[in-house]
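Heads up, the thing below is written out as structure tokens.
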Amino acid sequence: MKEWIVRLAAEIAPSGSEGRITSVLLDAVQDIADETHMDALGNAIATKRGEGPHVMIAAHMDEPGVMVIDIDDDGFLRVIPTGGLTASEAAFRQVAFTNGTVGLVCLEDGEKRPEQFEQLFVDIGAKHRQEAESRAFIGLGGVLGTGVADIGNGRLLGRALDNRVGCAIALHAFRELAQLGRYVSVVFTAQNAPGARAAQAAAFALEPDLAIVVDGVPASDVPGGKRTALKLGAGPAFKVMDAGTVAPLSVKQLIEDAADALGLTLQYEVWPGGRSDTGAIQLTREGILAAGISYPVHTAGAAEALVDLADVEATLRLLVAAVQTFGQ
Amino acid sequence: MENHQPLLEQLMTTHAGPGFEGAVRDVIVPHLRSYAQAVQVDVMGNVVAQVAGCGEGRRPRVLLAAHMDEIALVVARIEAGGFLRVVQTGGFDPRTLVGQEVVVHARGGDLLAVVGSKPPHLTAPEERGKAAPLSDLYLDLAMPESAVRERVRIGDRVTLSRDVYLLRNRRLAGKSLDNRASIAILLETLHRLQQLIHQADVYAVATVQEEVGLRGAQTVGFAVQPDVAIAIDVTFGAFPGQAADESFALDAGPAISFGPNLHRKVFQRLVDVAERHRIPYQIELSQTPVGADANAFQVAGPGLAAALVGIPIRYMHTSVETGSYADIEQCARLLAHYIAELDMAQVEDLSCY
Amino acid sequence: MLLKTLSEAFGPTGFEDDVRNVIRGELDGRVDEMNTDVLGNLIAVKGAKKPGPKVMLDAHMDEVGLMIVQICDGGAESGLLKFRALGGIDPRVLVSKPVLIGPDRIPGVIGAKPVHLQAPEERQKPIPMDKLYIDIGAKDAADAKAVVKPGDAAVFATRYAEFGDRAAKGKSFDDRVGCALLVEAMQTEVPYPLYGAFTVQEEIGLRGARAAAYQIQPDIAIALEGTVCFDVVGAPSHGQSTVFGKGPALTVQDAQTIADRRFAEFMWETAKRHGIPVQWRRVKGGSNDFGAIHRVGKGIVGGSISVPVRYIHAPTQVVSLDDVENAGRLLRAVLQEIAEGSFTL
């Protein structure tokens, strides 16, 4: 699992530019899936037909990033955010673009504090427009932050762990359930960071009987932590509500039963600031039973995050158990 | 039964916030069954009751919807001392919550709590002039932290606690008149329809999760895809200090909404029906998509002809929402006559521009 | 001239009848069929039975406008009209503008207290919309009520004219310029099904397009739009969004869409191959109908072609006639290249 997380987190996949990680993920399920495809919005979808009700497992593969929107005569770039990244998070950091170009996000001379992206520019070391245009183009996506560090006590930190961890969990759960002969689909969703834009299209196409979404959620066992009541290392959380969903009680019962059967202590997520794919899927067509299972992270939503591998393992077990419990 | 006012009073003291509408659903389903041939509950928890029209061939299909959820709170953290921090599902004015009695719907049963805030003598002078945000308020269960932790879990839902007060002139006050008043309208309409001959197949729907973004309406609108979808929801009762076009008199009949996202022919027909049957009515103008289920209905699936009617209430989103049962009856008369007069020619005309 | 007729037509959001009638008149007999749906979208169809990708072109008919909400009675206000915005209007552009109200196009003006009588601190601040009135010359409330009722919509009374160097000024080029392009495009012959959706209620949340796309379920959709152009004095390169006269603009990202990169590049390359000037839209704010369309159903491939419009959402907007013409050329070239199979789904 850890190897998969590290491998997936190495991919650069700002929202809307998920192309490369899509291939990695679909390659990883190709051998066991009946069919795989990428849809119009960039979701990567694999299905294995089998017994029981059709369950869709979803995890977003995109991450917040930036996109080049202007190149000036002197070869400097301007960028806009994709997803919820703020100017203060982006300023003074290295940016790595999907085409291999790297740059430094700088604040215009004379500006005191980065508050808006209009104050920022990206220096890629180009001497003039022509050189810049050979290494960057309008629409080029990039991300901030560095690779994954293994802290050594079962915890990892680094860029894009939220939600490559979820992708790794979904990937493993899909393989395990497919091997057990269940009727299961996995969707690695695109464009979650700008507002859960793509998940609904996949749910519309698949029409599952149940969807389970895996995503990161901020733990508040940190100085000043007030956002949630969650603790890192205390196990997976059931999503009671976020900005896009309120869980039906029947779904809550399903996840609680699965946790009880495993002897897992469940945490409960109440996070009005978050917006996962869960709500978008829930409101598809006539309504779809949708559950969110979250693993706690420190600093979710920002470019980098810290996770606990014990939470990751427990989230995987809970997910598999919940699918097996469903429809019994 | 004379009318549904006793039921309304029961509904106003029943607790059901977004995502946990079960208690209200359980109360209304038997009443819907007394009028409908079939009553179903969908994945989201919407209740759909079908009342068949008469006549052969294609009949008009009309959906009448009232949301059954009320604004509610959710336990987000348990603090030292056993005090609860909450977040909201639906828009509260936190100023109205201070000192409010609430019910925490815990696994082992309902618990009473009082909403507290920092007392004045501990508040800095500059803070005293300001209202406390919801994040500064807490719920006091008056029990030790250990007992709280045993009984209450993160994610437990919280609703307002308030008896119903019967005021003068058939006006009643309490919590969740938004939108239990419209559930009463729904039932009063079905009651009146029994005395009328109607071609239209009626889908009487109690929707869920309106207060968090018209969510139940989105899915039930897609599922039923009626010819006409009418949302029934409350609007602003006249009160000093409000703009004239956002104020509707109590006892002056239902407000019929007009605006870009509502079907103008359905609007016009509702007005005509009111005029012909001498039903008092008021017109509400909306420049933006309305903040009611009709908004979601209009863009469900291929697009639906949407309308919005409802009674005015004062003090919306507080525990003393006040409205008039006379308005409820007039609104039901309007809807019953509209449905009775709906025919296929009108339905076909809805797409003619 | 069609752009003039469309620009001067009356079509505030939710009240698109006049625009719809102009378009219906133009396309009558030139397409296989035309239908209106329950929202008021006008959908023109050519070659519905043909094989190949189903292509939907979109332009919205509605414009930002005003709604009369109250006819004042009594006191100094008597006979003046209170109003609210239909769609996003900057209140700073309202004072001293003439408007036309309701089905009878009753003229009125938006006035304000003379600058002489304003306190120095008043002069610093824009006047909020709820402090403004429309004056139709009524003597009192009864006089006003004889011709105007609450709920009547109003538009700016701006005349279309050509001026400067290949430029035109008028109201609502957002999105009558798109409507004009779409009317023209529906008259081209293509070997696949072509749907032209003239939509309602874009200005209050891309509403008509969403329903239209669900009905059509196209394989490819292209929105035709007017978009922000701020290439004026003092604007740095990255604040301009688009440059006037430099051709139609393609989108990489706006408030509602991250572009389908493959389709955007296909349109860009098509422009280059056909020698048509084209530019990227260089701003994140704003959106168009494609923002709603691409998320419908299983997801829809496509993009948008935008004509730069200076002073968008203001009473007098300005476009380059060259940009309009080149947007039409680009659209025809894209439709042709789709026919030739240059874009694979």
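Taking the three principal axes of the alpha carbon atoms in segment B:81-155, the coordinate ranges are 41, 28, 17 Å, sorted in descending order. Note on chain C: with a GNM built from Cα contacts shorter than 10 Å, the maximum mean-square fluctuation among C:Gln317, C:Gln187, C:Gln217 falls on C:Gln187. Relative to the longest principal Cα axis of chain A, at what angle does helix A:19-29 sit, 0 to 90 degrees, rounded to 10? Orientation of helix A:19-29: about 30 degrees from the principal axis. The alpha carbons of segment C:237-345 occupy a box of 39, 32, 24 Å along the principal axes, longest dimension given first.
Counting neighbouring Cβ atoms within 10 Å and putting the fewest first, the residues C:His274, B:His337, B:His121 line up as B:His121, C:His274, B:His337. Note on chain B: GNM, Cα springs under 10 Å; of B:Gly259, B:Gly108, B:Gly91, the largest mean-square fluctuation is that of B:Gly108.
Per-residue mean of foreign Cβ neighbours for B:256-263 is 5 (Cβ atoms of other chains, 10 Å radius). Length available on full extension from C:Glu184 to C:Arg159: 0.36 nm per residue minus the Cα-Cα distance, which gives 6.8 nm.
Report the Cα centroid-to-centroid distance between segment A:35-90 and segment C:110-155 in angstrom, as an integer. Taking the Cα centre of segment C:110-155 as reference, the centre of segment A:35-90 is 48 Å away. What does the C-alpha gyration tensor say about the overall shape of segment A:65-144? Classify as rounded when a/c is under 1.5, otherwise prolate if a/b is larger than b/c, or oblate. In terms of gyration-tensor shape, oblate.
Full extension of the chain between A:Asp34 and A:Gln253 yields a length gain of 75.7 nm, computed as 0.36 nm times the residue separation minus the alpha carbon distance. Mean residue ellipticity, 222 nm, helices only, chain B: the sum of -39500 (n - 2.57) across DSSP H runs of n ≥ 4, divided by residue count and rounded to 500, is -8500 deg cm²/dmol. Measuring between alpha carbons in the structure, the pairs from A:Lys48/C:Lys298; B:Lys265/C:Lys46; A:Lys239/B:Lys175; A:Lys226/C:Lys284 lying more than 23 angstrom apart are B:Lys265/C:Lys46; A:Lys239/B:Lys175; A:Lys226/C:Lys284. Rounded to the nearest 5, the antiparallel percentage of DSSP beta bridges internal to chain C is 65%. How big is the gap, in Å, between the Cα center of segment B:87-137 and the Cα center of segment C:1-39? Between the Cα centres of segment B:87-137 and segment C:1-39 lies a distance of 54 Å. If only the Cβ of Lys and Arg carry +1 and only the Cβ of Asp and Glu carry -1, the dipole of the protein assembly as shown around its Cα centre is close to 400 debye. Shape analysis of segment C:142-222 places it in the oblate category; the axes a ≥ b ≥ c from the Cα gyration tensor give an a/c of at least 1.5, with a/b not above b/c.
The angle between the Cα long axis of helix B:22-33 and the main principal axis of chain B comes to about 20°, on a 0 to 90 degree scale. Per-residue ellipticity at 222 nm computed for chain A from its helices equals -8500 deg cm²/dmol, with DSSP H segments shorter than 4 residues left out and the rest contributing -39,500 (n - 2.57). Run through the DSSP bridge list for the protein assembly as shown and note the antiparallel percent, rounded to the nearest 5. Of the beta bridges lying entirely in the protein assembly as shown, close to 60 percent run antiparallel. Using Cβ point charges alone (K and R +1, D and E -1), the dipole size of chain A about the Cα centre works out to roughly 460 debye.
Please label the shape of the protein assembly as shown as rounded, prolate or oblate, based on the square roots a ≥ b ≥ c of the eigenvalues of the alpha-carbon gyration tensor (a/c under 1.5 means rounded; beyond that, a/b larger than b/c means prolate, else oblate). It comes out rounded by the Cα gyration axes.
Counting beta carbons within 10 Å around each of A:Arg197, C:Arg261 and listing the fewest first gives the order C:Arg261, A:Arg197. Taking the Cα centre of segment A:65-144 as origin and assigning +1 to Lys and Arg Cβ atoms and -1 to Asp and Glu Cβ atoms, the resulting dipole is close to 280 debye.
Across the options B:Gly91, B:Val114, B:Ile78, the greatest Cα extent toward the positive end of the charge dipole of segment B:77-123 (unit charges at beta carbon of Lys, Arg, Asp, Glu) belongs to B:Ile78.
Its alpha carbons considered, segment C:65-156 gives a radius of gyration followed by a Dmax of 13.0, 40 Å. Relative contact order of chain A: 22 percent, from C-alpha pairs under 8 Å at least 6 residues apart in sequence. The distance from the alpha carbon centre of segment A:217-231 to that of segment C:231-250 is 45 Å, rounded to a whole number. When chain B is treated as a Gaussian network with alpha carbon springs shorter than 10 Å, the biggest mean-square fluctuation among B:His105, B:His198, B:His31 belongs to B:His31. Relative to the longest principal axis of the Cα atoms of chain A, the long axis of helix A:249-262 lies at roughly 80 degrees. Adding -39500 (n - 2.57) for every DSSP H run of four residues or longer, then dividing by how many residues chain C holds, sets the calculated 222 nm ellipticity at -7500 deg cm²/dmol.
Any read-out appearing in this document is the output of simple, stated calculations on the displayed coordinates, not a laboratory observation. Nothing here was measured: the structure is a model prediction, and the numbers come from that model. Neighbour counts run over all protein chains shown; Cβ positions are idealised from the backbone, glycine included.
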